[in-house]
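What follows draws every value from the coordinates through simple rules; no lab data is involved. Because the structure is a prediction, the values reported are computed rather than measured. So basically every Cβ, Gly included, is an ideal-geometry build from the backbone, and we count neighbours across all protein chains shown.
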Amino acid sequence: MAQDPSTQPRHIRFEPDDKPPLAVTAGMGLQFAILAIAGIVLTPAIVVRAAGESDSYLTWAVFAAAVVSGVSTILQAVRVGRIGAGYVLLMGTSGAFIAVCVAALVEGGPGLLATLVVASSLFQFLLAARLSLFRRLVTPVVAGTVLMLIAVTVMPLVFDMVT
């Protein structure tokens, strides 16, 4: 859906529905993957190291995080039925769950952590179906406060690993 070149701003190369050449798409995909992999690897590494688990479990956790992130990113991009956005949206790990994951690994091991991951995933599906009900409750002030509290909760774990 190209416009007349004289009316198109010079800094915009493609319209939303345009398909860039394969080389541009591959280059952007490679950049996206390189940027995403750091977060996907770092979160499981922090959790497993803070819980004192073995290196073999760390390897498995990083592999599992990469596979799940890749599959869910593909589902977001492809859009299957009502699942997915229809555009590339990174589905990776979240620092919000570091403290809970460390506590689960320490108290109940990998089994408890896996159970909590499945339960929280199902809960998030239920929340996503009714997200419009939470718009009045989750204001920018509430969301900002929660984000700051997540960082404050995770800081002691990271500082213990550094020292």
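Which of F134, V118, L157 sits farthest toward the positive end of the charge dipole of the chain, with +1 on the Cβ of Lys and Arg and -1 on the Cβ of Asp and Glu? Value: F134. Along the axis of the charge dipole computed for the chain (Cβ charges of +1 for Lys and Arg, -1 for Asp and Glu, origin at the Cα centre), the listed residues V48, G84, V62 are led at the positive end by G84.
Normalised by the number of residues in the chain, what is the relative contact order in percent for Cα pairs under 8 Å and 6+ residues apart?
On the way: 105 pairs, mean separation 29.8, N = 163.
Across the chain, relative contact order equals 18 percent.
Exposure proxy ranking for V67, V106, based on other Cβ atoms within 10 angstrom of each Cβ and starting from the fewest, stands as V67, V106. Dividing the summed helix terms, -39500 (n - 2.57) for each DSSP H run of n ≥ 4, by the number of residues in the chain produces a 222 nm estimate of -24000 deg cm²/dmol to the nearest 500.
Only four residue types carry charge here, +1 at the Cβ of Lys and Arg and -1 at the Cβ of Asp and Glu. Report the dipole size of the chain about the Cα centre in Debye, rounded to the nearest 20.
Numbers: 9 positive and 8 negative charges, 100 e Å.
Roughly 480 debye, rounded to the nearest 20.
For region 67-87, backbone nitrogen atoms closer than 15 Å to the point 7 Å from S121 Cα along Cα-to-C-beta are found at 67-76, 84. Once both labels are positioned 7 Å from their Cα atoms along Cα-to-Cβ, the gap between F14 and L133 label points is 3.9 nm. Distance between the modelled labels on V100 and T25, one decimal in nanometres: 3.7 nm (7 Å Cα→Cβ projection). Quick one: grab the alpha carbon gyration tensor of region 1-113, order the square roots of its eigenvalues as a ≥ b ≥ c, and give me rounded if a/c is under 1.5, else prolate or oblate depending on whether a/b is larger than b/c. Verdict is prolate for region 1-113.
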